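Below you'll find the structure, written out as structure tokens, and then a few comments.
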Amino acid sequence: MDTRPLELARQMSNEIISWRRDFHMYPELAYEERRTSSIVAQKLKEWGYDVKLGSGEVGVIATMKGSGHNVLAIRADMDALPIEEVEGREYRSRVSGKMHACGHDAHTAMLLGAAKIISLLREDLISTVRLIFQPAEEGGNGALKMIEEGALDDPKVDSIYGIHVWSDLPSGKIGLREGPILAATGDITIKVRGRGGHGAHPDQTIDPIVASSAIVLSLQSIVSRNIDPFDSAVVTIGSIQGGSAFNVIPETVLMKGTYRTMRKETRELVKARIKEIAEKVASAYGASAEVTLKDVTPPTINNPEAVEIARKVAIALFGENNIALPKPSMGGEDFSYYLERVPGAFILLGTGNPQKGTNVPHHSPAFDVDEDVLYMGSALLSSLAMNFHLLWRRE
Ligand code: NI
């Protein structure tokens with residue numbers, strides 16, 4: 001196996017960190033990633049890639065031809081979050097109210113590192129490499145846009161990999177898991193309609209607040225009474241809005257929430273129960289419920305063969321002791337859309353280091369990554385590319 005990428009990645013560590021800090025200082029929200037995309041596209045062109053900017057110039061699809069006929073895709077996401085970063089870091093976000101609080105800055109920098117390594121070793125590149133730098137992972141399903149724009153075609157991609165930095169995993173551990181690793185997600189909207197009136201005369205009203213309270217409590221029975229105890233699901237109501245005065249019973253209450261499952265079948269069951277419970281509980285109180293359920297991402301399901309390939313490469317680079325089996329998470333990822341179309345794996349790179357304060361949760365204003373392990377991501381991704389033809393058994 002070609003392990004030259006590891007040495008090259010080590011040498012490039014500072015460069016990868018400086019790219020990451022630049023992206024970190026100038027975060028862009030979903031579908032606004034023009035600055036990031038243009039930096040990425042310019043570097044890839046310099047390194048000899050065939051580069052296509054996505055529509056709206058917020059995504060990049062790049063190709064480096066190999067001498068063989070396998071095609072490997074690698075994806076990074078580029079978007080930031082509407083969060084105000086904590087004070088005190090020299091590379092703190094320069095854009096108020098926006099922050100790379102999920103590590104997508106690191107993903108972009110690591111994939112650039114891998115891209116540079118692949119271009120340095122291109123004489124020996126057998127598999128064709130497709131790089132996908134996508135916008136809008138955070139709720140915008142940027143993956144679907146990239147797929148529509150041909151990210152997996154011409155030439156047809158055999159397999160796809162992506163890495164997510166993971167603060168829950170110790171720094172430098174490579175997290176590999178077969179099967180479901182992240183959840184299917186969806187949005188819940190429930191509008192409960194009653195009949196408003198005076199707070200002193202509830203008997204003359206139909207109180208949507210009482211009906212909504214009963215609905216929230218009854219929804220808790222889906223996970224506890226309907227789901228196989230060895231399966232997983234979450235039903236969360238995160239927002240309730242209704243009424244504006246202490247002595248007025250309102251006409252309506254609007255509730256919003258999310259459902260999460262590790263399997264598509266379970267998702268259908270959860271959705272059916274949410275609808276049934278909300279409607280029937282509302283009607284038991286004389287009210288009515290209008291339920292809207294919208295799937296957002298499918299579950300992220302890693303192909304066992306693709307995970308095995310990543311494991312072989314990761315062990316060759318970092319040794320068996322640095323491989324970890326991460327817990328699945330009820331978080332969602334639009335990487336799942338690529339995995340619905342081609343086999344592949346979503347790999348976690350541990351960046352949690354209590355000494356450096358990088359073990360705080362993703363999407364927190366204090367989120368940060370342990371930059372000293374980012375070279376590992378670049379090494380792993382570029383090694384996958386350089387060795388894919390040896391490991392991928394489908395011709
Ligand atoms: Ni993320």
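The values are calculated or read from the model by the stated rules, or taken from the named source; none is laboratory data. From a predicted model like this one, the values you see are computed outputs, not experimental measurements. Glycine gets a Cβ as well: all are built from the backbone with ideal geometry, and neighbour counts include every protein chain shown. Please note that ligands, DNA and RNA were not included when accessible areas were found on the heavy atoms of the full protein model with its side chains. Shrake-Rupley method; radii C 1.70, N 1.55, O 1.52, S 1.80 Å.
Values as computed for the structure displayed
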| item | result |
| --- | --- |
| Flag for GLY257 being in a loop (DSSP other than H, G, I, E, B) and either outside the structural domain of LEU219 (by TED's automatic domain parsing) or surrounded by fewer than 21 Cβ atoms within 10 Å (Cβ to Cβ) (or both) | no |
| Condition broken by ASP22, with the remaining ones in (1) without any contact (Cβ under 8 Å) to a residue 24 or more places away in the chain; (2) closer than 18 Å to VAL129 by Cβ; (3) touching a helix residue (DSSP H, G or I) at 6+ places or on another chain (Cβ under 8 Å) satisfied | (2) |
| Given (1) open to solvent by 10 Å² or more (accessible area, probe 1.4 Å); (2) within 16 Å of the ligand (Cβ to nearest atom); (3) not in a loop (DSSP other than H, G, I, E, B), number of the condition VAL51 does not satisfy | (2) |
| In segment 60-84, the residues that are in a loop (DSSP other than H, G, I, E, B) and either polar (S, T, N, Q) or within 16 Å of the ligand (Cβ to nearest atom) (or both) | SER67, ASN70, MET78, ASP79, ALA80, PRO82, ILE83 |
| Complete set of residues in segment 103-122 that are open to solvent by 10 Å² or more (accessible area, probe 1.4 Å) and either within 11 Å of the ligand (Cβ to nearest atom) or not basic (Lys, Arg) (or both) | SER119, LEU120, LEU121 |
| ALA136 among the small types (Gly, Ala, Ser), out of contact with any His (no Cβ under 7 Å at 6 or more places or on another chain) and farther than 16 Å from TYR31 by Cβ | no |
| Test result for LYS45, out of contact with any helix residue (DSSP H, G or I) (no Cβ under 9 Å at 6 or more places or on another chain) and open to solvent by 10 Å² or more (accessible area, probe 1.4 Å) | yes |
| ARG263 vs. criteria outside the structural domain of ASN141 (by TED's automatic domain parsing), under 30 Å from GLY140 (Cβ atoms) and open to solvent by less than 70 Å² (accessible area, probe 1.4 Å) | no |
| Matching strands (runs of 3 or more DSSP E) fully within segment 277-395 where at least 3 residues are of a type in the set (A, V, I, L, M, F, W, C) and touching a residue at least 60 places away in the same chain (Cβ under 8 Å) | 288-297, 344-352 |
| Check on LEU53, of a type in the set (A, V, I, L, M, F, W, C) and more than 24 Å from VAL157 (Cβ to Cβ) | no |
| Residue tally, condition of a type in the set (Val, Ile, Thr) and closer than 19 Å to VAL342 by Cβ, over segment 61-92 | 4 |
